[in-house]
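The values are calculated or read from the model by the stated rules, or taken from the named source; none is laboratory data. Please read these numbers as outputs of a predicted model, since none were measured by experiment. Virtual Cβ from ideal backbone geometry, glycine too; neighbours counted across all protein chains shown. What goes into the accessible areas is simple: the full protein's heavy atoms, side chains included, and nothing from ligands, DNA or RNA. Shrake-Rupley method; radii C 1.70, N 1.55, O 1.52, S 1.80 Å.
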Amino acid sequence: MEHIVIIGNGIAGITAARHIRKKSDKKITVISAENKYFFSRTALMYVYMGHMKFEHTQPYEDWFWKKNKINLKEGFVEKVNTNNKTLVFTSGETLTYDKLIIAVGSKPNKFGWSGQDLEGVTGMYSKQDLEKIETLAPNAMVCKRAVIVGGGLIGIELAEMLRSRNIPVTFLVRENSFWDMVLPSGESQMINNHIKEHHIDLRLGANLKEILPDENGKARAVVIAETGEEIACDFVGLTAGVSPNINFLKESGIAIGRGVKVNKFLETNIPDVYAIGDCAEQQEPVNGRRPIEAVWYTGRIMGETVAQTISGTKTAYQPGHWFNSAKFLDIEYQTYGWVHGLGGKPDYEEQFHWKHPQKNSCVTLAYHKETNQFLGINTFGIRMRHEVFNRWLNEKKSIDYVIENLREANFDPEFYSGFEPFIKKAFFHLSKTLQK
Amino acid sequence: MNKIEHNMSVTAGYFPVLSAKQKISLLIGISGLFLLLLSLFNIEMPNTMSWLIISLLMLIAGISWYGFESYKGLPKGIKNNGVWFRSLTNKGVLGWITAVFLTLFYIVLYFYPQYLGFQESGDNTGLIALFDPLSKLLNGNPASQWFVYGTLYTIAIFSFGIKFIFKYRHNRYEVIRTISVMFFQTAFAFLIPEIMARLNSTLPYTDLKNLWPLAYYNFEQYRVDGYLNSGTIGLALLIFGLVATFIITPILTYKYGKRWYCSWVCGCGGLAETAGDPFRHLSSKKRSAWKLERWLIHAVLVFVVLMTSAVVYSYLGEDSSKYWLTKDTFLIGVALFITIVFALFFIFKRNELKKDARYGAIGAFVIIVGLLLLHFSTGNTLFFIPAETLKKAYGFLIGAIFSGVIGVGFYPLLGSRAWCRFGCPMAAMMGIQQRLFSKFRITTNGGQCISCGNCSTYCEMGIDVRAYAQKGQNIVRASCVGCGICSAVCPRGVLKLENGSPENRINSNDILLGNEIDLLSLTTKK
């Protein structure tokens, strides 16, 4: 029986395992050094905040794996020997495979800051990181101040976590406005204000110079590069993005760049070795997507796709229109299609921005300057239907059509007063003014 | 770092700090409760009415003010910080104390009301006597233990409802729904029946929204006689009881799902959604719990149908002198009705039932109709057991132990909806319809789900919402009461309660959006 071995039990690896099982009787082994059972990484923050217990982050009950004959192996793979198809674990154990799927995910970025490996400094990615944070910052008595370095999605989540235990937080953001490489300025500024509303000490345009140790080698303060200011703290969170966790592959002969290089069938340069999820680097990205996307659903789709190929239906990875979502403290964010911030905004992209005068609700719609084709939408504090925007993007609807029919796409709970009439009015008022 | 601090991080890294105003509000609320308890010792109170009003107002003010202070000044949004760290809400000491206290209260209330001061004959004493003036004011009679219970119950829904509204003030669905349960409890369960009793003394106590089979006693002889002896209004109420169960309920459940009742109108649901809200996450999400739920709740439904048939049968006449319905026509009618309902389900919805559901349905049908037929061959003791025994068994096991002692007493241990999920025959009846003939569903939003599990954790009915959402499948479950909290706590805007076309309700999206090709059809092709 063919033995499929999957390194990594995140959403990509587990989806691959489940779908291979649906289609075949192959022997499947999933390896993890983090936790025996699959859990949702995105929910780790809720465990610290007391919204959930760790067991609630596990989407399948423990009996599921045995019932579906998916073997779970705990261990850390140190070396991949592709010549004799063998994995070597740090424990010295070995495991042979017929087909190998690499789904090892990411690790937090560290940019060579002085003091980045001190005690009291951690990223926020794995279950082990969470346990470290629980020890270092259990409450405001032990952790009198925390400093978070890097203003992305994980950074703001870590800030929310620490604030849930009333720990004072200083949040260093390199950009001049929160996440402004991705978000248009109106949105980015609304989030700046919301961060401050949560009593987070937001420092924009601030880079980390170094982390200073105390006499025991534990972080005691950070220094800001621009001002030289020293901020005393008991905990430093490094959240300046993530990158593929692929050091163990360096001598394997598997081609790596920033991630594991794969073609559109998710195959590496070595036969019978595939890579999926956060650690895969697409050599021919499609639909305006980046080569590496550390996003939940792309991991899931890659898992579904590689399962098809391994079960005999060779299938290309074809993610559809870009979409994503996040939550910035209390503000929900969804995006469909492409709306650019400062980073890589094309010349033809025009944007219409509407913000509610008081509430934390706003939308930005992007459209083509010449053809008026709708390109994408960002929404804050308003839920929208994925299915509808997917259809409109496929049908290349015009911006006027989208504005006119925005209500159809609304996904807010019942009885919510929709803002569509205001958005419509503002848009057509603006376009009239422009015509004059 | 010293040792103590490290210890705290493991067990209780989270200490909610009470503000001065919260402390004062707690003081007021607990003093109000204390005054009530004091009356148990038969202390002569100068003027009972004032004492009662003062203590009840203190209760209401304390709870609602505490709720207001808990969320005041915080940005609008989900307020679940520390839920799993707190003793009260994570089965700690406070949780157990509360559970024991509530359970004992229910045992005394149901089985030993004399300890509360209830006197079968003669003047009430203690707590019950304290409520006498209010009872006399509303319905003209001295209080009973049920009047005391009803008043406290209404106060609980009302005050904790205010707290709930502050907590979810960003969510209009939750606010409106809560105002609805507060209204139905105060007006329909509390005020109207008392006033009706005052206006018409032969009329049985009637909570118009408490429908059969939840109100299993609705068609017992003393009630039916009471209705029939009260003229047009009595007859109207009797007919309304029948129409509400057999016509209005199916129509509303078809249009809106069972939520129109369970989380908008029902008193049990009202208490669960307000006072029970802090415990909603304690419901079991295990598949084994779901299995138990399906057998148990439908068994109670079968039990209540049999019991009610037997009770009604026992007092109907052999001929049509007293009631126009005779024993035989009634039995044939019940058998015919159940056969028709069963036949319709099997003809139209056979394929939507899983194997165990089919066995269960056939079993239930055979038991009910079999026993009814058996009666014709053997003669007069329907079901071999006297109706009175059946009635007593149901009232004791289901009416008192299950819905009261376990249903509410175990809030801090089993979550707030244990009765609604495992025992309520009304929920069972509407659940079958919701699963098979209804426009209601929870829609999932394309490929946005990140499997975080907030929805499943906070589902009071123990539905593993995430299992559906992460597959892009709509949630169509018999047990869903439509409280809307899964949708509220979802950080990615994935869930929406909707009434839509029954077509394609269950698998509206076969593929998870985000992928260009239809992977699922490839998967199912094999």
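Tell me whether segment B:497-517 contains one or more residues that are buried (at least 23 other Cβ atoms within 10 Å of the Cβ), modelled with pLDDT of 90 or more and facing chain A (nearest Cβ under 7 Å). No: segment B:497-517 contains no residue that is buried (at least 23 other Cβ atoms within 10 Å of the Cβ), modelled with pLDDT of 90 or more and facing chain A (nearest Cβ under 7 Å). The set of residues from segment B:333-346 being modelled with pLDDT of 85 or more and loosely packed, with under 15 Cβ neighbours inside 10 Å comprises B:Gly333, B:Leu336, B:Phe337, B:Thr339, B:Ile340, B:Val341, B:Ala343, B:Leu344.
Residues are listed down the side, and each one gets a yes or a no for (1) touching a residue at least 40 places away in the same chain (Cβ under 8 Å); (2) within 16 Å of B:Met429 (Cα to Cα):
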| site | (1), (2) |
| --- | --- |
| B:Ile297 | yes, yes |
| B:Val312 | yes, no |
| B:Thr329 | no, no |
| B:Asp356 | yes, no |
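Candidates in segment B:455-486 are the residues that are polar (S, T, N, Q), facing chain A (nearest Cβ under 9 Å) and touching a residue at least 60 places away in the same chain (Cβ under 8 Å); of these, the one that is surrounded by the fewest Cβ atoms within 10 Å (Cβ to Cβ) is B:Ser456. The set of residues in segment A:349-375 that are closer than 23 Å to A:Pro291 by Cα and out of contact with any helix residue (DSSP H, G or I) (no Cβ under 9 Å at 6 or more places or on another chain) contains only A:Glu349. Where helices (runs of 4 or more DSSP H) sit wholly within segment A:1-116, those with at least 1 residues that are facing another protein chain (nearest Cβ under 10 Å) and under 30 Å from A:Ile148 (Cα atoms) occupy A:11-23, A:44-48.
Against the numbered list (1) surrounded by fewer than 24 Cβ atoms within 10 Å (Cβ to Cβ); (2) part of a helix (DSSP H, G or I); (3) more than 14 Å from every other protein chain (Cβ to nearest Cβ), B:Ala272 comes up short only at (1). With respect to the conditions (1) small (Gly, Ala, Ser); (2) assigned to a loop (DSSP other than H, G, I, E, B); (3) closer than 21 Å to B:Gly404 by Cα, B:Gly95 lacks only one, and its number is (2). Scanning segment B:37-55 for residues that are open to solvent by less than 20 Å² (accessible area, probe 1.4 Å) and at pLDDT 90 or above returns B:Leu52, B:Ser55. Only one entry in B:Val108, B:Val100 is more than 14 Å from chain A (Cβ to nearest Cβ), open to solvent by 30 Å² or more (accessible area, probe 1.4 Å), modelled with pLDDT of 95 or more and under 29 Å from the mean Cα position of the chain (by Cα), namely B:Val100. Filter segment A:142-160 down to residues that are open to solvent by 50 Å² or more (accessible area, probe 1.4 Å) and either away from chain B (no Cβ under 14 Å) or without any contact (Cβ under 8 Å) to a residue 24 or more places away in the chain (or both), then give me how many there are. Here the count works out to 1. Quick one: would you say A:Gly337 is on the phi > 0 side of the Ramachandran plot, open to solvent by 30 Å² or more (accessible area, probe 1.4 Å) and outside the structural domain of A:Ser164 (by TED's automatic domain parsing)? Against the criterion (on the phi > 0 side of the Ramachandran plot, open to solvent by 30 Å² or more (accessible area, probe 1.4 Å) and outside the structural domain of A:Ser164 (by TED's automatic domain parsing)), A:Gly337 does not qualify. Residues satisfying the criterion are present in segment B:424-443 (criterion: modelled with pLDDT under 95, within 29 Å of A:Phe323 (Cβ to Cβ) and at the interface with chain A (Cβ under 10 Å from one of its Cβ atoms)).
Scanning segment B:71-97 for residues that are surrounded by fewer than 19 Cβ atoms within 10 Å (Cβ to Cβ) and among the hydroxyl-bearing types (Ser, Thr, Tyr) gives B:Tyr71, B:Ser87. The residue pairs whose first member lies in segment A:257-270 and is aromatic (Phe, Trp, Tyr), whose second member is open to solvent by 40 Å² or more (accessible area, probe 1.4 Å), and whose beta carbons are closer than 7 Å, counting only pairs six or more residues apart or on different chains, are A:Phe265/A:Lys314. Test B:Gly267 against the stated conditions and say whether it is without any contact (Cβ under 8 Å) to a residue 12 or more places away in the chain and not hydrophobic (A, V, I, L, M, F, W, C). In short, no. Scanning segment A:357-406 for residues that are of a type outside the set (A, V, I, L, M) and in contact with a Gly (Cβ under 6 Å, 6 or more places away or on another chain) yields A:Asn360, A:Ser361, A:Gly376, A:Arg383, A:His386, A:Glu387. In segment A:36-45 there is at least one residue matching the filter, namely being modelled with pLDDT of 95 or more, surrounded by fewer than 17 Cβ atoms within 10 Å (Cβ to Cβ) and under 30 Å from B:Val489 (Cβ atoms).
Taken over segment A:243-291, the criterion of being more than 30 Å from A:Pro346 (Cα to Cα) and of a type in the set (A, V, I, L, M) is satisfied by A:Ile246, A:Leu249, A:Ile254, A:Ala255, A:Ile270, A:Val273, A:Ala275. For segment B:99-130, a residue qualifies if it is more than 22 Å from B:Phe396 (Cα to Cα) and assigned to a helix (DSSP H, G or I), and the qualifying residues are B:Gly126, B:Leu127, B:Ile128, B:Ala129, B:Leu130. Screening the candidates B:Arg280, B:Arg294 for the property of being basic (Lys, Arg) and either more than 30 Å from B:Arg358 (Cβ to Cβ) or outside the structural domain of B:Leu397 (by TED's automatic domain parsing) (or both) yields one hit, B:Arg280.
Scanning segment B:263-317 for residues that are under 18 Å from the mean Cα position of the chain (by Cα) and among the hydroxyl-bearing types (Ser, Thr, Tyr) gives B:Ser263, B:Thr274, B:Ser283, B:Ser284.
Matching residues to (1) touching a Leu at 6+ places or on another chain (Cβ under 8 Å); (2) of a type in the set (Asp, Glu); (3) surrounded by fewer than 18 Cβ atoms within 10 Å (Cβ to Cβ):
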{"position": "A:Ala307", "(1), (2), (3)": "no, no, no"}
{"position": "A:Leu342", "(1), (2), (3)": "no, no, yes"}
{"position": "A:Val363", "(1), (2), (3)": "no, no, no"}
{"position": "A:Ala366", "(1), (2), (3)": "yes, no, no"}
{"position": "A:Arg383", "(1), (2), (3)": "no, no, no"}
{"position": "A:Ile403", "(1), (2), (3)": "yes, no, no"}
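Restricting segment A:75-116 to residues that are without any contact (Cβ under 8 Å) to a residue 60 or more places away in the chain and within 24 Å of the chain's Cα centre (by Cα), the residue that is least open to solvent (accessible area, probe 1.4 Å) is A:Gly112.
Exactly one residue out of B:Tyr115, B:Tyr153 is under 21 Å from the mean Cα position of the chain (by Cα) and aromatic (Phe, Trp, Tyr): that is B:Tyr153. Considering only residues in segment A:117-141 that are open to solvent by 60 Å² or more (accessible area, probe 1.4 Å) and either among the acidic types (Asp, Glu) or free of Cβ contacts under 8 Å to residues at least 40 places away in the same chain (or both), the one that is nearest to the other protein chains (Cβ to nearest Cβ) turns out to be A:Met141.
Restricted to segment A:321-436, the set of helices (runs of 4 or more DSSP H) holding at least 2 residues that are within 9 Å of chain B (Cβ to nearest Cβ) comprises A:386-394.
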